[in-house]
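The values are calculated or read from the model by the stated rules, or taken from the named source; none is laboratory data. Here the structure is a predicted model, which is why all the values come from computation and not from measurement. Note that we place each Cβ from the backbone using ideal geometry, even for glycine, and neighbour counts take in every protein chain shown. Ligands, DNA and RNA are excluded from the accessible area calculation, which covers all protein heavy atoms including side chains. Shrake-Rupley method; radii C 1.70, N 1.55, O 1.52, S 1.80 Å.
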Amino acid sequence: MERTELLIPVRDYDLAATLTSGQAFRWRFIEGAWEGVIGQQWVRLKQAPNGIAADTAIPIEGWHWLTRYLQTEIDLDAILATFPNDEPMRASVAHCRGLRLLRQDPWECLASFILSSTKQIAQIQQIVGLLCRKFGAALAVPAGHESVYSFPTADRLAGAMEAELRACKMGFRAPNLLKTARIIAAGEVNLDEMGKLDLSEARQALIRLPGVGDKIANCVLLFAYGFQGAFPVDVWVMRALRQLYFPKRRPSSQRLLRFTNNYFGPNAGYAQQYLFHYMRTRPRISVLNRPRKKRK
């Protein structure tokens, strides 16, 4: 039966942490709910006592696209049980409990992370918003709601001019996005088949694309395909590794990468996301409020 509302029963799901943890860039918190776009659907999500309440603008018969995106059916307890039993991971889980990895559309995920290079989350959201407004298709929204647009396809962007992309405030990322869109549109790389490769093969295939290095490739492999061996390392994760695991040493970047490859277990990608979000959002003691040592 078609309907515009659904309650997804799920426990131990932190919707806010999941949608603001740097995985996806199209969610906005408006009047107590999260509004965003998944594929060709505008959707509003709200944390409920017994799950997640979802609303769409038009009647929907099947909702698998949403439960798959949100990953509501995974066994989070089983995943958390595989994390290393150490103080940094215990603190990360306590702070971020309920954080899930999303399962996103590969092209949107790839393009978004190409645009993320050297940018903060708010800036990425702005660039992606401008890109969708200029090149995306208008979607059905509730009466009186502002216009909302889909993420543009690779075919659509392949026909754009670089200057048009630069007008979306993406700067030096514009030629990389344009070249990658043309490669995908031409069928030279099939993103739908990427998930069938092993991790190393898939990573190498992505790294061949303009604007894609190890970090961006690992983000796509983790957030779009669910490769748990993918461990994106950015400034925040590097900071977490140095401060939480090697506080009295100065390991090289290569030493830290070897550490991540072996230490975090079968769900290393999940562990990485908990560390990343913990480092970005944990309470910090200001210099002014830090307890003073008593003078002897």
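Values computed for the structure shown
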quantity	calculated
The range 1-54 pair-distance distribution - Cα-Cα, 5 Å bins, rounded %	4, 19, 27, 29, 16, 4, 1
Label-point separation, Val235 to Leu257 (7 Å along Cα→Cβ), nm	2.0
Accessible heavy-atom area order of Phe264, Phe227, Phe172, highest first, probe of 1.4 Å	Phe172, Phe227, Phe264
Asp155, Asp77, Asp234, reordered so the largest accessible area comes first (probe 1.4 Å)	Asp155, Asp77, Asp234
Evaluated over the range 75-141, the Cα radius of gyration and Dmax, each in Å	17.1, 48
The chain, dipole about Cα centre (Lys/Arg Cβ +1, Asp/Glu Cβ -1), debye to the nearest 20	2480
Mean ellipticity per residue at 222 nm, deg cm²/dmol - from DSSP H runs of n ≥ 4 across the chain, formula -39500 (n - 2.57)	-12000 deg cm²/dmol
Heavy atoms of Ser147 accessible to a 1.4 Å probe, total area in Å² rounded to 10	80
Relative pair counts by distance (%), Cα atoms of the range 158-288, 5 Å bins	2, 9, 16, 17, 16, 14, 12, 8, 4, 2, 1, 0
Within-13-Å neighbourhood charge of Arg249 [Cβ basis; K, R +1; D, E -1]	+4
Cα radius of gyration and Dmax for the chain (Å)	20.2, 75
Shape category assigned to the range 32-160 from the gyration tensor of Cα positions, a/c cut at 1.5	oblate
Assigned charges on the beta-carbon of Lys, Arg, Asp, Glu; the range 99-250 dipole about Cα centre (debye)	860
Share of Cα-Cα pairs in the range 1-93 lying beyond 21 Å, as whole percent	37
Counted charge near Cys132, where neighbours are those whose Cβ lies closer than 14 Å (Asp, Glu -1; Lys, Arg +1)	+1
Förster radius 51 Å - calculated FRET efficiency between Glu61 and Thr281 (Cβ-Cβ, nearest 0.05)	0.85
Gaussian network model of the chain, springs between alpha carbon atoms under 10 Å - residue of Ile127, Ile58, Ile114 with greatest fluctuation	Ile58
With DNA, RNA and ligands ignored, accessible area of Lys134 (1.4 Å probe; Å², nearest 10)	100
Neighbourhood charge, 14 Å Cβ-Cβ cut-off, centred on Phe172 and excluding it, Lys, Arg +1 and Asp, Glu -1	+4
Accessible area of Tyr274 in the full protein assembly, 1.4 Å probe (Å², nearest 10)	0
Between helix 173-185 and the chain: long-axis angle, C-alpha atoms, 0 to 90°, nearest 10	60
Unit charges at the beta carbon, dipole of the chain: most positive-side option, Gln47, Gln273, Ala140	Gln273
Solvent-accessible ranking of Trp65, Trp42, largest area first, probe 1.4 Å	Trp65, Trp42
